[in-house]
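For reference, the structure is listed below as structure tokens.
The values are calculated or read from the model by the stated rules, or taken from the named source; none is laboratory data. Predicted model, so just to flag it, every value in this text is computed and none were measured. So basically every Cβ, Gly included, is an ideal-geometry build from the backbone, and we count neighbours across all protein chains shown.
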Amino acid sequence: MAERGGNGSRRSAAIPDRDAIARACSDLAALVGRPVEAVVGIEREDGEGWALSAQVTELERLPHSTDVLACYRITLDGGGRMTGFRRERRYTRGQGDEAEQ
């Protein structure tokens, strides 16, 4: 829900606190069976929720540049509780972003 700032302007609710983000990452790790390596993005969802993008190493290989990584989208409600997740992309660690090519 939008709040009024000190000058009367409307501003969106603050991003989820570290505890909510850590809890979402822990929940994802439990569900996919692999630890979350990094949170690489956060954005406001329609309504009162949030979406996190988290990076997970799905398959470790040698050399590590050939590890298979995945980017998961985690959705949170307004209270910071996980409401869903999905894998959006799989790629090797050494692979550049498609936008960079």
Qualifying residue in the stretch 77-92 (condition: surrounded by 15 or more Cβ atoms within 10 Å (Cβ to Cβ), out of contact with any Gly (no Cβ under 7 Å at 6 or more places or on another chain) and aliphatic (A, V, I, L, M)): yes
Residue, modelled with the highest pLDDT, within the stretch 35-72, restricted to residues that are surrounded by 15 or more Cβ atoms within 10 Å (Cβ to Cβ) and in a loop (DSSP other than H, G, I, E, B): Asp67
Hits in the stretch 61-90 - residues which are among the acidic types (Asp, Glu) and farther than 19 Å from Ile42 by Cα: Asp67
